[in-house]
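**Student:** Pasting a structure here, questions to come.
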Ligand code: SF4
């Protein structure tokens, strides 16, 4: 059974255009993915593609002007706002991007512990800091005093300490050099091996592949492919979607081939396949039909020509 | 830490000294060039019965016939020795007049400072927590309306309603008229204080409320509050743990930094309510050309405002960990 299942999720924002008419802009559409216990699923895609919103939608912390549709299941149970509110911080935990997500005026240790924490929790927090190689003095520091690497481990501690069985990490390795990023991701692997499910949202496909079981490739607000991590190999022959292949081949250690063109903005998506304007394999059909997600070779793909 | 504090205070002391010098020089020049003839003002209604010789004597008594520069030097060197001179209208040493008047003003300003601070802060918090609801709109409307209401006008309004029509409070003065000084009770003083203090605080609320509202709105939209919500914190507990912590210090600092508005408001309110405070003395001194008293009050009020700003500064510097610790690590 899947720990988390997201089916056909869409997130739109209402905003006012120049004529003061209310307009809806769909930032995420038709997104589906699932995670089993003990699995790491990486959601990869370039920055600014609305990936963070996926995390916020699952946690139920979207801003007030956002409208969500589709279904999110947790442990076999459909999530509604109420259910999300009870699970937040207990069953589901978020590991945010940066130290800006910590209260600037609260000491780190106090902040990592859940409000109203008892002595047991304080002890747990100390153990956890030790496990992550944080000196005992760190709990007395304020967020601005943390180095980048320390901040990562502190943020990770918040999720670990909560005992949540689903951890959503939103871009957990921004600006970290390779070694530090790897170390952070290994901590996630440890957590997954303890039986937790981890959703790793990142633009760093290379680091993500070192720990992930499954990869969901995210493009222009939707998933275009779900593949096993092993499928990312060679020149991407086993990948199903042209975008995944292009993303893979754009990496420096592969062919370092940039993808021509730019990702379409939300609200300005092409009529047919979202990737059609940039796709080397596009045919006339591609700009007319919106491809659905379909099963292919043990993965999923959103492309009419994939085989 | 201590050394940093001392260095900071030393720097501020130099600032204060130069500020005081500049202020006394400028006010002295202003008074010098004002159209009010101090002798005339001193003599008042008896003018016709005072001969030119007597006038000259009066002028000589106050040292008014000497050239301005010399007078400034005499006055300021006396000041440096702690002698602020004698008030012409009260015939008392200036420091005594200021001390006595300031006690009254301090009660008035203190009460309204606390009231406006507490009420304004709470109003700001409520507005931000209920952003875009009718409560928020009411509070904002109130603040913007009051921000453009002159204190004296509001004072007159309150006087008319509560003192004249309803008769709940005395019309003016600091103590009941015609009662011996030692028979004046605390209750009397409080009754006389309520209306002016109310006037002053009602006007002071809007500043702090709007500021607090904006701060809290920003805090509530911040990444760290989003994260706190993701961790399951909600409602009042969220406000208590993250909101209050991040808005209290700016609010308290703002309240200290508003000493100048407070003093300015007090001058007007005291005038309307004939409340015997420092502000009223300042107006009298100005209108009747009581140079020593006027200069004394000007210097004193500058010191008062400076102290408020200094406290606001100190609060940030030595309480906010981001500034306090920035140099240490
Ligand atoms: S559907 Fe057509 S345009 Fe879209 S990815 Fe497949 S081949 Fe390319």
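Values in this text are rule-based calculations from the coordinates and carry no lab data. Keep in mind the model is a prediction, meaning the values are calculated, not measured. Cβ sites come from the backbone with ideal geometry, for glycine too, and all protein chains shown count toward neighbours.
**Student:** Determine the shape class of region A:1-153: with a ≥ b ≥ c the square roots of the Cα gyration tensor eigenvalues, call it rounded for a/c under 1.5, and otherwise prolate if a/b is greater than b/c, oblate otherwise.
**Tutor:** On the way: a/c = 2.18, a/b = 1.61, b/c = 1.35.
The shape class here is prolate.
**Student:** To the nearest 500 deg cm²/dmol, what mean residue ellipticity at 222 nm is calculated for the protein assembly as shown from DSSP H runs of n ≥ 4 alone, each contributing -39,500 (n - 2.57), summed and divided by the residues? Intermediate values should be presented prior to the final figure.
**Tutor:** Details: 23 runs with 317 residues, N = 636.
Per the formula, -16000 deg cm²/dmol.
**Student:** Report relative contact order for region B:94-326 in percent, whole number only (criteria: Cα-Cα under 8 Å, sequence separation at least 6). Numbers along the way, then the final one.
**Tutor:** Values: 260 pairs, mean separation 68.4, N = 233.
Reported as a whole number, the value is 29 percent.
**Student:** With a point put 7 Å past each Cα toward its Cβ, work out how far residue B:95 is from residue B:25 in nm, to one decimal.
**Tutor:** 2.5
**Student:** What average count of beta carbons from other chains do you get within 10 Å of the Cβ of residues in A:136-148? Present the calculation step by step, with values, prior to reporting the outcome.
**Tutor:** Numbers: counts 0, 0, 0, 0, 0, 3, 6, 3, 5, 6, 0, 0, 0.
Counting other chains' Cβ atoms within 10 Å and averaging over A:136-148 gives 2.
**Student:** Let me know the mean shielding of A:91-102 by other chains, meaning the per-residue number of their Cβ atoms within 10 Å of its Cβ. Don't skip to the end; give the middle numbers.
**Tutor:** Numbers: counts 1, 3, 3, 5, 2, 6, 2, 1, 2, 5, 9, 5.
Mean shielding count: 4.
**Student:** Can you compute the FRET efficiency between residue A:67 and residue A:131 using 1/(1 + (r/R0)^6), with r the Cβ-Cβ distance and R0 = 45 Å? Round to the nearest 0.05.
**Tutor:** Working: r = 41 Å, r/R0 = 0.91.
About 0.65, to the nearest 0.05.
**Student:** Further question on the same structure: Going out from 0 in 10 Å bins, what whole percent of all Cα-Cα distances in region B:227-285 drops into each bin?
**Tutor:** 20, 26, 18, 16, 13, 7, 0
**Student:** Then there's this: Determine the shape class of the protein assembly as shown: with a ≥ b ≥ c the square roots of the Cα gyration tensor eigenvalues, call it rounded for a/c under 1.5, and otherwise prolate if a/b is greater than b/c, oblate otherwise. Mind showing how you got there, number by number?
**Tutor:** Values: a/c = 2.99, a/b = 2.71, b/c = 1.10.
Prolate, because a/c is 1.5 or more and a/b exceeds b/c.
**Student:** Let me ask something else. Using the per-residue mean of other Cβ atoms lying within 10 Å as a proxy for protection, in what order, highest first, do the peptides A:177-187, A:3-13 fall?
**Tutor:** Those peptides, ordered most packed to least, come out A:3-13, A:177-187.
**Student:** Could you put B:75, B:153 in order, starting from the residue whose Cβ has the fewest other Cβ atoms within 10 Å?
**Tutor:** Values: B:75 19, B:153 13.
In increasing order of surrounding Cβ atoms, one gets B:153, B:75.
**Student:** Next question. For helix A:148-162, report the angle its Cα long axis makes with the longest principal axis of the Cα atoms of chain A; keep it between 0 and 90° and round to the nearest 10°.
**Tutor:** The helix A:148-162 is inclined about 80 degrees to chain A.
**Student:** Give the separation of the Cα centroids, region B:279-299 to region A:133-156, in Å.
**Tutor:** For region B:279-299 versus region A:133-156, the Cα centre distance is 58 Å.
**Student:** With a point put 7 Å past each Cα toward its Cβ, work out how far residue A:206 is from residue A:190 in nm, to one decimal.
**Tutor:** In this crude spin-label approximation the distance works out to 2.5 nm.
**Student:** Whole Å is fine, so just give me how far the alpha carbon centre of region B:190-251 lies from that of region A:242-282.
**Tutor:** About 48 Å separates the Cα centre of region B:190-251 from the one of region A:242-282.
**Student:** Report, in whole Å, the centroid distance computed from the Cα atoms of region A:32-109 and region A:179-199.
**Tutor:** Spelled out, the Cα-based centre of one part sits 17 Å from the other.
**Student:** Give or take rounding to whole Å, what are the principal axis extents of the alpha carbon atoms in region B:94-326, in descending order?
**Tutor:** Here the spans come out as 66, 45, 32 Å, largest first.
**Student:** Next up: Hey, can you rank A:279-285, B:85-91, A:195-201 by average C-beta count inside 10 Å, highest first?
**Tutor:** Working: A:279-285: 13.6, B:85-91: 18.0, A:195-201: 23.4.
Descending packing order for the listed peptides: A:195-201, B:85-91, A:279-285.
**Student:** Another question about this same structure. How are the alpha carbon pair distances in region A:170-307 distributed across 10 Å bins from zero to the largest one, expressed in percent?
**Tutor:** P(r) over region A:170-307, rounded to whole percents: 11, 38, 35, 13, 2.
**Student:** Averaged over its residues, how many other protein chain Cβ atoms are within 10 Å of peptide A:158-167's Cβ atoms? Numbers along the way, then the final one.
**Tutor:** Values: counts 3, 2, 0, 0, 2, 0, 2, 0, 0, 0.
So the per-residue partner count for this stretch is 1.
**Student:** If neighbour count is taken as other Cβ atoms inside 10 Å, put B:290, A:103, B:313, A:271 in order from fewest to most. Before the final figure, lay out each step's value.
**Tutor:** Working: B:290 28, A:103 23, B:313 15, A:271 10.
By the 10 Å Cβ count, ascending: A:271, B:313, A:103, B:290.
**Student:** Compute the acute angle (0 to 90°) between the alpha-carbon long axis of helix A:119-131 and the principal axis of greatest extent of the alpha-carbon atoms of chain A; round to the nearest 10°.
**Tutor:** Here the helix axis deviates by roughly 60 degrees.
**Student:** Output the peptides B:21-33, A:58-70, A:145-157 sorted from most to least packed, where packing is the average of other Cβ atoms within 10 Å over each peptide's residues.
**Tutor:** Packing proxy ranking, top to bottom: A:145-157, A:58-70, B:21-33.
**Student:** What ratio of Cα Rg to 2.2 N^0.38 Å holds for chain A?
**Tutor:** Working: Rg = 20.0 Å, N = 307, 2.2 N^0.38 = 19.4 Å.
For chain A, the normalised Cα radius of gyration is 1.03.
**Student:** Moving on to the next point. Under the definition of Cα pairs under 8 Å and six or more residues apart, what whole-number percent is the relative contact order of chain A?
**Tutor:** Details: 581 pairs, mean separation 62.3, N = 307.
After rounding, I find 20 percent.
**Student:** Any idea what Rg and Dmax come out to for region A:103-236 if you just take the C-alpha atoms, in Å?
**Tutor:** 16.4, 54
**Student:** Any idea how far apart residue B:53 and residue A:8 come out in nm if each label point goes 7 Å out from Cα toward Cβ?
**Tutor:** In this crude spin-label approximation the distance works out to 11.3 nm.
**Student:** Can you give the FRET efficiency for residue B:160 and residue A:120, using 1/(1 + (r/R0)^6), R0 = 45 Å, r = Cβ-Cβ distance, to the nearest 0.05? Mind dumping the intermediate values first?
**Tutor:** Values: r = 64 Å, r/R0 = 1.42.
The calculated FRET efficiency here is 0.10.
**Student:** For region A:193-273, what is the convex hull (Cα atoms) projected area averaged across all directions, in square nanometres?
**Tutor:** Working: hull surface 25.1 nm².
Mean shadow area of the hull around the Cα atoms is 6.3 nm².
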